[in-house]
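Here is the structure we will look at.
The values are calculated or read from the model by the stated rules, or taken from the named source; none is laboratory data. The model shown is predicted, which means the values in this text are computed figures rather than measured ones. Positions of Cβ are backbone-derived with ideal geometry, glycine not excepted, and every protein chain shown enters the neighbour counts.
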Amino acid sequence: MDIAILSRNVKLYSTRRLIEAAKERGHHIRTLDPLRCYMNIASHRPTIHYKGEDLKGFDYIIPRIGASVTFYGTAVLRQFEMMGVNSLNESVAISRSRDKLRASQLLSRKGIGLPITGFANKPDDIKDLIKMVGGAPLVIKLLEGTQGIGVVLAETQKAAESVIESFLGMNISVLVQEYIKEAGGADIRCFVIGGKVVASMKRQALEGEFRSNIHRGGSASLIKITPEERSTAVRAAKTMGLNVCGVDILRSNHGPLVMEVNSSPGLEGIEEATGKDIAGQIIRFMEANLKPGNTRTRGKG
């Protein structure tokens with residue numbers, strides 16, 4: 001296959017591993033910075049140019065689009081889809097998962113367990129909003145954020161009111177969620193490929209920190225998940241429409257709760273914790289699902 005990987009940094013572990021895995025299986029792979037791509041969209045023959053070159057002939061696109069470039073990155077990916085190129089994760093699914101409010105609403109509609117979540121726009125709604133999610137302590141999240149950035153734990157009513165009022169006062173929309181104390185600062189990352197959980201790890205936050213992200217100093221270890229957790233992860237991935245994703249789950253007193261569905265999950269933590277060749281499994285999934293014009297969305301939505 002001729003593969004393009006959309007990534008801003010070829011030195012990142014995940015990007016390097018995917019390149020290595022593709023080459024090991026005899027594929028040609030090239031890295032493209034999505035921000036350096038530019039498109040002809042007002043044409044019967046959509047095209048993408050990169051540093052003066054008309055990009056053609058790719059069989060598959062692997063999107064590794066950072067949260068900060070979601071808008072432009074998904075536009076580039078959508079253009080490839082319109083050209084009939086297969087995408088590991090499609091543009092609509094990535095956009096869906098990156099919007100925390102939209103993702104939560106979709107997961108809720110499918111009956112998938114979530115922390116009690118509130119959303120508001122007016123500062124005078126704050127006290128009732130806090131009450132609605134069960135009171136303090138509670139977690140406040142920006143609608144767009146990754147690796148634990150933009151996530152605040154408010155331990156008291158006063159702190160919660162102050163933080164929410166500050167965000168809303170700056171016209172920044174936030175989600176307010178119940179704090180799952182029994183999770184003990186830990187969550188479970190389930191790595192889903194093609195509708196199956198292929199690996200899972202427990203991520204434990206540092207002492208005094210509630211965010212378990214490895215980028216924030218959290219540790220990763222191998223864990224055996226329950227059938228209910230496995231089913232929850234698969235259903236969450238399907239609801240988002242993602243072929244490859246990381247589903248972050250909290251263990252609560254009332255069952256597994258989905259915290260986030262990550263459309264560009266990092267490979268370093270999961271490969272080190274489990275010893276599995278996740279990058280190779282992704283490439284094998286692509287091989288098994290390569291079909292001309294296999295994009296379902298064809299740039300729609």
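The table below gives the values:
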{"quantity": "Unique residue being at pLDDT 95 or above and surrounded by fewer than 16 Cβ atoms within 10 Å (Cβ to Cβ) when the list is Ser231, Ser219", "calculated": "Ser231"}
{"quantity": "Scope segment 1-36; condition buried (at least 18 other Cβ atoms within 10 Å of the Cβ), small (Gly, Ala, Ser) and over 18 Å from the mean Cα position of the chain (by Cα); matching residues", "calculated": "Ala4, Ala21, Ala22"}
{"quantity": "Ala75 being within 19 Å of Met286 (Cβ to Cβ), part of a helix (DSSP H, G or I) and not charged (D, E, K, R)", "calculated": "no"}
{"quantity": "Selected residue [under 24 Å from Lys276 (Cα atoms) and either touching a helix residue (DSSP H, G or I) at 6+ places or on another chain (Cβ under 9 Å) or of a type outside the set (Gly, Ala, Ser) (or both)] from Ala220, Ala233", "calculated": "Ala220"}
{"quantity": "Members of segment 98-133 that are within 30 Å of Ile65 (Cα to Cα), in a helix (DSSP H, G or I) and either assigned by TED's automatic domain parsing to the domain that holds Ala236 or out of contact with any helix residue (DSSP H, G or I) (no Cβ under 7 Å at 6 or more places or on another chain) (or both)", "calculated": "Lys100, Leu101, Ser104, Gln105, Ser108, Arg109"}
{"quantity": "Selection within segment 157-175 - of a type in the set (Gly, Ala, Ser), in contact with a helix residue (DSSP H, G or I) (Cβ under 9 Å, 6 or more places away or on another chain) and surrounded by 14 or more Cβ atoms within 10 Å (Cβ to Cβ)", "calculated": "Ala160, Ser173"}
{"quantity": "Candidate set from segment 42-78 (those that are of a type in the set (Asp, Glu) and touching a strand residue (DSSP E or B) at 6+ places or on another chain (Cβ under 9 Å)); member that is surrounded by the fewest Cβ atoms within 10 Å (Cβ to Cβ)", "calculated": "Asp54"}
